[in-house]
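J.: The structure that follows is given in the form of structure tokens.
The values are calculated or read from the model by the stated rules, or taken from the named source; none is laboratory data. Here the structure is a predicted model, which means the values were calculated and not measured. For neighbour counting, all protein chains shown are included, and Cβ atoms are generated from backbone atoms with ideal geometry for every residue, glycine included.
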């Protein structure tokens, strides 16, 4: 159980275009989803917390207008990288938390999306 | 201040030996959770083990155990009988706060030598 599906697993796009990444909880409902960015051989950096039906909470230094997050339902959150540039190339990974989970529940992660902007 | 500190960027261990990966944390919240994740080269994050701040016993999950020293704010991961498949990045993480957000350390790259 607790499977998170992230799509696409990799994407190559041209500079200036927008890319949408989907994160779905397949067998549970997720009121909260987290979006992380990871550079090679570095840690996961929390970008934003996505709450179903409300605006996302962005971490300091993350551009809201560049990284658009939508959490339209209890099973789907999307991250759109707008007007992508080569410096946006990175590994993006989402995670989800069940609606009523105990405090010892781990985050359930998607398999990540490797974005390359040419 | 860093919430999670992992001071070992890289570690090597002989196959079948045990290895300890260090993790220290910083929080003023009395209720928190500590997690270890494994990230192989394919990128997915695999949950390994959990320790709650109020847990009296050290957590164990198969070959993984957590050496929890609350006063020292450390939560080291011990992997016993290392296997070649254990070669990966290992991240220590802490969950705290009303939002329950997770903070990750910088990771330790473990290489198991045959």
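J.: Counting only residues that are modelled with pLDDT of 95 or more and part of a strand (DSSP E or B), which one in segment B:52-73 is surrounded by the most Cβ atoms within 10 Å (Cβ to Cβ)?
T.: B:66
J.: Okay, moving on. Quick one: which of A:67, A:28 is at pLDDT 95 or above, over 26 Å from residue B:108 (Cβ atoms), touching a strand residue (DSSP E or B) at 6+ places or on another chain (Cβ under 9 Å) and more than 10 Å from chain B (Cβ to nearest Cβ)?
T.: After ruling out the rest, the residue left standing is A:67.
J.: Also, I was wondering about something else. If we keep just the residues of segment B:87-99 that are more than 12 Å from residue B:37 (Cα to Cα) and in contact with a strand residue (DSSP E or B) (Cβ under 7 Å, 6 or more places away or on another chain), which is farthest from the other protein chains (Cβ to nearest Cβ)? Before you say what the answer is, go through the steps one by one.
T.: Within segment B:87-99, the subset more than 12 Å from residue B:37 (Cα to Cα) is B:87, B:95-99.
The next check asks that each one be in contact with a strand residue (DSSP E or B) (Cβ under 7 Å, 6 or more places away or on another chain); those that pass are B:87, B:95, B:99.
Numbers: B:87: 14, B:95: 8, B:99: 6 Å.
Ranking the candidates gives B:87 first.
J.: Could you tell me which residue of segment B:19-42 is surrounded by the most Cβ atoms within 10 Å (Cβ to Cβ), considering only residues that are outside any strand (DSSP E or B) and touching a strand residue (DSSP E or B) at 6+ places or on another chain (Cβ under 6 Å)? Walk me through how you get there before you give the answer.
T.: So the first thing to find is which residues in segment B:19-42 are outside any strand (DSSP E or B), and the list is B:22-23, B:26-32, B:40-42.
Going one step further and asking which of them are touching a strand residue (DSSP E or B) at 6+ places or on another chain (Cβ under 6 Å), we end up with B:22-23, B:27, B:29, B:32, B:40.
On the way: B:22: 17, B:23: 28, B:27: 17, B:29: 11, B:32: 20, B:40: 13.
The qualifying residue surrounded by the most Cβ atoms within 10 Å (Cβ to Cβ) is B:23.
J.: Same structure, new question: Kindly indicate which of A:79, A:115 is more than 13 Å from chain B (Cβ to nearest Cβ) and either part of a loop (DSSP other than H, G, I, E, B) or modelled with pLDDT of 95 or more (or both). Steps first, please.
T.: Details: A:115 fails: more than 13 Å from chain B (Cβ to nearest Cβ).
After ruling out the rest, the residue left standing is A:79.
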